[in-house]
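Colleague: One structure, pasted below without further comment.
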Amino acid sequence: MSENHEHQHHILSIKTAGIILVLLLLLTGTTVAVSRIDLGFLNVAVALTLAVTKALLVILFFMHMKYENRFMQMIVFLCFLLLAIFIGMTFFDLAYRGG
Amino acid sequence: MSNNSLSFWEDSGSSRSGIMAWLTTTDHKRIGLMYMYIILAMFIAGLCLGLAIRLELIAPGRTIMDAQTYNTVFTLHGVIMIFIVVIPSIPAAIGNLVLPIQLGAEDVAFPRLNLFSWYLYVGGTLLALVSLFTGGGAPDTGWTFYVPFSEFTTTNVSVAVIAVFILGFSSILTGLNFITTIHRLRAPGMTWTKIPLFTWSLYATGWIQVLATPVLGITVLLIFAERVLGVGLFDPNKGGDPILYQHLFWIYSHPAVYIMILPAMGVVSDIIPVFARKPIFGYKAIAFSSLMIAFAGSLVWAHHMFTSGMSDTAVLIFSLLTFVVAIPSAIKVFNWTATLYKGSISVEPPLLYALGFIFLFSVGGLTGLILGSAGTDVHVHDTYFVVSHFHYVIFGGTGFGMFAAAHFWLPKYYGRMYNKKIAKIAFYILFVGFNLLYFPLFIIGLEGMPRRYYDYLPQYQEGHVISTVGSWILAVGIIIMLVNLWRGFTKGEKVGRNPWGAATLEWATPTPPPLLNFDEEPDASRKPYDFRGITPDE
Amino acid sequence: MDTTLIDAVSKVDTAFKFIFGISFIILFLITAVTLYFLYRYSRKRNPEPSQIEGNLVAELIWTIVPCIIVGAMFWYGWVGYKALREAPADSYEVKCTARMWSWKFEYPNGKTSDKLYVPADTPIKVDLTSVDVIHSFYVAAFRVKMDTVPGMHTYVWFNSGEPAEYEIQCAEYCGVRHSYMLSKVVVVPKEEFDKWLNASSSATEAPNEGEEVMKKHGCFDCHTTDGTELVGPSFKDIYGRDTVVMENGKEKTVKADDAYIEKSILEPGADIVKGYEDMMPPTEVSKEELAKMLEYFKGGGKPAVRAGAKGAEVAEREGCTGCHSVDGSEMVGPSFKGLMDRKTTVLKDGKKMEVTANVEYIISSIKHPSEYVVDGFEPSMPEYESLSDDDMKALIEYISTLK
Amino acid sequence: MSNTHKDYAGAKLGMWLFLFTEVLLFGGMFVLYAAYLHEYRADFHVGGKQLDVFIGTLNTVVLLFSSFAIAAAITFIQQGKKKLAVNFTYLTIACAGIFVINKTIEWRAKFHHGIWPDSPHLREMSHGENIFFGLYFLMTGLHAVHVVIGAILLSVMVWFMKKDVINQQDFVKLENAGLYWHIVDLIWIFLFPLFYLVL
C-alpha cells in the first residue's frame, strides 16, 4: 500500500459549497444573457468558455479535485485532453474536405 | 515441494462447493481460469470458421457454401476472434492469473467487480451467439459494422452490436480494476521500477481499455439507435455522414489493436530474460515505450481511412503520426534481441514461442509501414495484404504471445508440466503452417485481390491454394499443442515452486498458489530480472 | 505523350520498393542476429551470463536511426499519395455511379456504359459517388482506390496509357454480391473512342432496346430474367401478373400493369412486393427509356427465354452447379460444358471403359450417379431419382446448349 | 481480503476511472455534435430556436442545485451530521425527479409538434434540422437515463446511511455516488448551451 494515507480527507465547508453554487447560477445567467446577443462565431466560443468555467468549478470544489494529489489531477486533465484531441483531430478531416 | 497450505484449487474461500464455488468466486486465479476456458472454446469456434473461409476460397466460385453464408462466416470469425477471444485473451485470462501475484497482492483491487466483469463477458458472448439464431439471421456486415450497409441489412445486426457493447463494458471494468490494483496494492518495496514488465504492459493496456472502449460503446449504441429509431445520424439520405461513423469506430478500434498486442509484448519481455538468465535490456525504455504506444496509438485512428474520402490534410497528419508509433515498437524488438546478447540461453518451449512472436510481429509491424505510408496504402487498402498484415500482428503477435504465456505460466497454476518435446514440435508445425497460410496472402494482396471476396478472379487462385493448405498445417499444430497442454496439466509431472528459475514474485509462492497467493509476506524489493542466486526448482 | 502522367504509378512503386527494401534488411538483420545469439550464447557455450542492464548509447542509436528511416518512408509515401491526388487540369472527366452491385459510367455527352471506356494516353479523372452503400473503386493496375460514398463526391485519376483492358473491382464490402461487382477499364485508341462515344448505342448494337436500357441502369444486378430470386423479384413473366404488395404495412393485390411498373421504377419505396426489402434506389429514366422498358416487360423479357433457361434454373436449384461448372473448369464433378455426346472414360465396378455421354447416359448418371464414375473424380454425388420428368428434360436441354 | 475493501483512495481512483469512461461515452456524441455543427451551422440555429430555453434554464438550475445538495450531504456525513446528510440526499433525489418531469414535459411538447426521431414531419425538414433533433433526442435521452440511474444510486445510499453502512468513518460509497451525480451535472452543463442556446 505504497500510496496510502497521503493526507487527511478534506472536508468541503458548506459555506464554500454555497459560494460555488451562487457562482454557478450567476454563470448560467450570463450564458443565457449572452446568447441573446448575436456575436457571430464568438457566441459558441463564449458559451463554451462559460461552460468550461462552470465545469471547472464543479470538478475542483464539488468533486474535491482541488484537494486531490497531483496524479489524480493529472489523469483528469488527461481524460479531457484526450476528448479534445478526438474532437480536434476529426476536424483535420472535416475542415479540409473538398479542397 | 513443500506445500503446507491448501492451493486455490482446494480452498475456495467460501462455504459453497463444486461448480457454485467457482461461479461465485472472487479469487482472481479462478476467474482467470474461467475466462480462459471460455476463450479457448470460442477460439476453437473462431478457428473452425477461419478454416471454413480458407476452404471456401481454395477455388473460385462456390466450394462449400453460398455467398451469404460466406459473408456471415467471415463476420462471425471477426467478431468472435476480436471481441471475444483476442481482446480478453491475455489481459483478462493471463492477466487475472498473474498480475496480482506479480505485485505481491492478495487479489485485485475490486474482486467482486472482477467477477462481475466475467459475467458481463459471458453475457455478451451468449448474446453474440443469440444473434446468430434470431431475427433476420447472423450478421453479415464484417466486424467493422460499416454504415450505411449495417443500417440497411436485414440481418440481426442490432443484437450483435448490443453484445459488442456488453463485451466492451466487461473490458473496461477489467482495465479499471487492473489500474487500481497496480496503483494501490503493490507489496511494500515494489516501486514503479520494480514492477515486472508484463504488469507494466497491462497498466498501459488498462488505460486504453478505460479511455478508448467507451467510444466503441457509444458507436455501437448509435448503430442500434439508427436501426431501431431511424435517426439518420449516419444515413446520407437524412443528412448523416457515413465517414464520421468510421472516425468514431476507429477511434476505439485502432487503440484496440494495442489492447491486443501490448500484453503480448509484456509476456515476451517477461519470458526472454528468464531463459537468457540475464536482466532485460533497457527496462525503463520498454516500460516507457508501452505507455508511449498506448498514448500515440490513440492518435492514429484515421490511417484506416486513407481511401474513405477523408480530406488529404487528414491523410497527411495521420500518416505522419502512424510512423511515430512505429518507433516504440521498434525499440522493444531491438531490446528483446539485445537481451539475448551474452546471455546463457536455454531454448525451452516458452522462449521458442516468444521468439516466434518476435519474428511474426516484426513481419506484421514492417508490413504495417506499407499501410502507414499514404501512397502505398491506397493500393493495398482492403486487399489481402491487409488481411495478412493484421493476422501476422494479431495471430502471430497476440496469439503466439498467448501460447508463450500458457507454456510459461500455466504449469504454475495447474501444478503440472506438459511434455516439452511435443510442445517444441507443435511450435515448429504451427510456425510453418502460419507462414504458409498468411505469407501468400501478402503476394495476392499486392496483386490486387480485395478482401471479403466470396469469389475471385482466376489469377489469384495459386496463392489461395497454398494458403488453404497452410491453414490445415496450422490447425494440426494447434491441436497438437492444445492436447499436449491438456495432457500435461492433467497427467504431467508435478512441478516445484519455480520450474524456470524466474525472479518475479509469482514464482516465490507455492505451486499451485494458495487462496491468498502467499504463505508469508513476499520480498518485493528484489529486481524482477535479477537472476543471481536463483536456481530452478523443478 | 506527357511524361509527367505516368508519375503517379511510378512514384507509388518507388515508395513500395523503398519501404520493402529497408523492411527486408531490418527483418533479415533481426532474425540473423537472434539466431546467432541463440547459437553463440547457448547455455552449453556460455554457462555464465553477463549482467548487462542496458546501454544508453545503443538505445539512443536504435531510437534515432529508426526515426530517420520512418521519416524517409513517410516522405516517399506522401509523394506517391500526392501524385495520386493531383489530377491534371486537362483530364478527361467521367462520372461513375456505384450501386449494389454494378458500376455506371457517364461520359460528358450523356452517354452511359457499364464498362469504363477511355481514350489512350490521356489523363482520366473519374468522379465517384454511390446511390446506396459505400463501395470502393479499385483499379490495381493504376494503383488507384477510392471509396464511393453516398451523398458525397470523391474522385480518382490515372493516365490511361496504351490500349489495354484492366480490371475494376469493388474493394469495400457491400453485401452479398460484393465479389461480383466487377467491371473493366477499356483503353481504346483516341479515334476509336470518339467513334464509340458519338455512336448512338441503340442503333448500332442493341437487339433489344429495353434490355439495353435496363442494363445501363443496373436493373439486372438485383432482378433476374430467369425466375430466380436475387434481391428483388425476378422480371420473368412479370407483366400483367397479380402481385401482393405492401402499402403502408397493409397487404394489397395489384396487377403489374404499365402504371404499376412505371411507379415501381420511379418510386420503388411506394409499393414493395411482399417478402422483399425496401432497398431499391429511385432510378431516373427518361420517357423514351421508360417506354422501352415497358416494351421489354410486355414481351416477357425476350432474351430471358433463351434455350435452356429453365434448365439453368433447375441446375441452380438442385445444386448441380455447386459441383459442375458450366464454363469447362473442373470443380467437384466434370463440367457441363461440352458434356453432351462427349466420349468419356468411366469406371464401372472398378473397370475402365469408354462411353459416349448421350441422353440416356446422362439421365442414368443423374438418377444413379455411382453406376458409372468418370475417371479421376470421386463417387460423391447423391442420387437424384426424384427429379421430375419436366425438370429432367429442361436440364438435358440446358446441358446440350453448353457447347 | 477485508482490508482491500477499506482502501479509500483505491475506491476513489476506481470511481474516477469509471467516470472517465462516462465522459468518453458522451465524448463520442460530442464528436458528432461538433462535426455536424460545423456542417449545418444555420440549421442548428433554426433547430435551437425551437427548444424551450425556459425549461432548459430551469433544468440547469435544478441540476446545479442538486449538485450543491449532494456535495453538502457529503460534508455533513463527514462531520457526523447523518440526519442532515440523509435529508440533503433526499433533496438531490427530489431534484432528479423535477428534472425528469421537466424533461418529459419538454419531450411531450416536441412529440405534440410531430417531432420525434424519423417522424414524417422531421423527414420533411432540412437535413441539418433532422440531425439536430436526432442528436437532441439521443444526447438528452442518454443523459436522462443517467439522471435516473443516479437517482436510484442515491436512493441506495440513503438506505445504506440508515443501515449505518455509510457513516462518519466510512463514507466513500456516498462520496463515489456523489461523484457520479456531479458527472451527470457536468454533462448537462455542456448540453445546455449546445442545444438550447446555440447560435
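Colleague: Which links in B:Lys284/C:Lys11; B:Lys29/B:Lys284; C:Lys250/C:Lys393 stretch past 30 Å when you go from one Cα to the other?
Modeller: The pairs that break the limit, which is 30 Å between Cα atoms, are B:Lys284/C:Lys11; C:Lys250/C:Lys393.
Colleague: Here's another thing I want to ask about it. Which one, C:Val131, C:Gly275, C:Met152, projects farthest toward the positive side of the charge dipole computed for chain C from Cβ point charges (K/R +1, D/E -1)?
Modeller: C:Met152
Colleague: Going toward the positive end of the dipole of segment B:30-508, with +1 on Lys and Arg Cβ and -1 on Asp and Glu Cβ, which of B:Trp507, B:Val432, B:Met292 do you reach last?
Modeller: About the Cα centre, the residue reaching furthest to the positive side is B:Trp507.
Colleague: For chain D, what are the DSSP H helices with axial Cα length of 24 Å or more and mean Kyte-Doolittle hydropathy of at least 0.5?
Modeller: D:8-39, D:53-78, D:127-162, D:172-196
Colleague: Does chain A come out rounded, prolate or oblate by the C-alpha gyration tensor, with a ≥ b ≥ c the root eigenvalues, rounded set by a/c under 1.5 and, if not, prolate when a/b is larger than b/c and oblate if not?
Modeller: oblate
Colleague: Rounded, prolate or oblate, given the Cα gyration tensor of chain C, with a/c below 1.5 counting as rounded?
Modeller: Because a/c hits 1.5 or more and a/b fails to exceed b/c, chain C counts as oblate.
Colleague: Does the protein assembly as shown come out rounded, prolate or oblate by the C-alpha gyration tensor, with a ≥ b ≥ c the root eigenvalues, rounded set by a/c under 1.5 and, if not, prolate when a/b is larger than b/c and oblate if not?
Modeller: Because a/c hits 1.5 or more and a/b fails to exceed b/c, the protein assembly as shown counts as oblate.
Colleague: In debye, nearest 20, what is the charge dipole magnitude of chain A about its Cα centre with +1 on Lys and Arg Cβ and -1 on Asp and Glu Cβ, if you could check?
Modeller: I would put it at about 260 debye.
Colleague: Taking the number of other C-beta atoms within 10 Å as the exposure measure, put D:Asp7, B:Asp377, B:Asp519 in order starting with the fewest.
Modeller: By the 10 Å Cβ count, ascending: B:Asp519, D:Asp7, B:Asp377.
Colleague: Enter the angle in degrees (range 0 to 90, nearest 10) between the Cα long axis of helix B:349-372 and the first principal axis of the Cα atoms of chain B, meaning the one along which they spread out most.
Modeller: The angle comes out at about 30 degrees.
Colleague: Can you tell which of C:Tyr180, D:His38, B:Gly217 lies farthest toward the positive end of the dipole of the protein assembly as shown, using +1 and -1 charges on the Cβ of basic and acidic side chains (Lys, Arg; Asp, Glu)?
Modeller: Toward the positive end, the furthest listed residue is B:Gly217.
Colleague: Right, another one. Just rank B:Leu211, B:Leu51, fewest to most, by other beta-carbon atoms within 10 angstrom.
Modeller: B:Leu51, B:Leu211
Colleague: For the peptides D:173-186, A:56-69, B:497-510, what is the packing order when you average, over each peptide's residues, the other Cβ atoms within 10 Å and list the highest mean first?
Modeller: D:173-186, B:497-510, A:56-69
Colleague: Can you give the relative contact order of segment C:92-199 as a percent, counting alpha carbon pairs under 8 Å and 6+ residues apart?
Modeller: Result for segment C:92-199 is 29 percent.
Colleague: Also, quick follow-up: Averaged over B:277-286, how many beta carbons belonging to a partner chain fall within 10 Å of each residue's beta carbon?
Modeller: For this peptide, the per-residue mean of nearby foreign Cβ atoms is 5.
Colleague: Using the Cα centre as the reference, give the magnitude of the dipole from point charges on the C-beta atoms of the protein assembly as shown (Lys, Arg: +1; Asp, Glu: -1; all else neutral), rounded to the nearest 20 debye.
Modeller: Using Cβ point charges on Lys, Arg, Asp and Glu, the protein assembly as shown gives about 4540 debye.
Colleague: With the radius of gyration and the Kirkwood radius both derived from the Cα set of segment C:92-199, what is their ratio Rg to Rh?
Modeller: On the Cα set of segment C:92-199, Rg over Rh gives 0.95.
Colleague: Taking the Cα centre of chain D as origin and charging only Cβ (+1 Lys, Arg; -1 Asp, Glu), how large is the dipole, in debye to the nearest 20?
Modeller: That gives chain D a dipole magnitude of about 680 debye.
Colleague: Would you mind ranking C:Phe220, B:Phe178 so that the residue whose beta carbon has the fewest other beta carbons within 10 Å leads the list?
Modeller: By the 10 Å Cβ count, ascending, the order reads C:Phe220, B:Phe178.
Colleague: Moving on. Using just the helices of the protein assembly as shown, give the 222 nm mean residue ellipticity in deg cm²/dmol: DSSP H runs with n ≥ 4 each add -39,500 (n - 2.57), and the total is spread over all residues, rounded to 500.
Modeller: -19500 deg cm²/dmol
Colleague: Also, quick follow-up: Can you give the local net charge around A:Ala17? Use residues other than it whose beta-carbon is closer than 15 angstrom to its beta-carbon, Lys and Arg +1, Asp and Glu -1.
Modeller: Residues close to A:Ala17 contribute a combined charge of +2.
Since every read-out is calculated from the coordinates, none of them should be taken as a lab result. Everything quoted here is computed from the prediction, not taken from an experiment. Don't worry about glycine lacking a Cβ; one is built from the backbone with ideal geometry, like all the others, and counts go over all protein chains shown.
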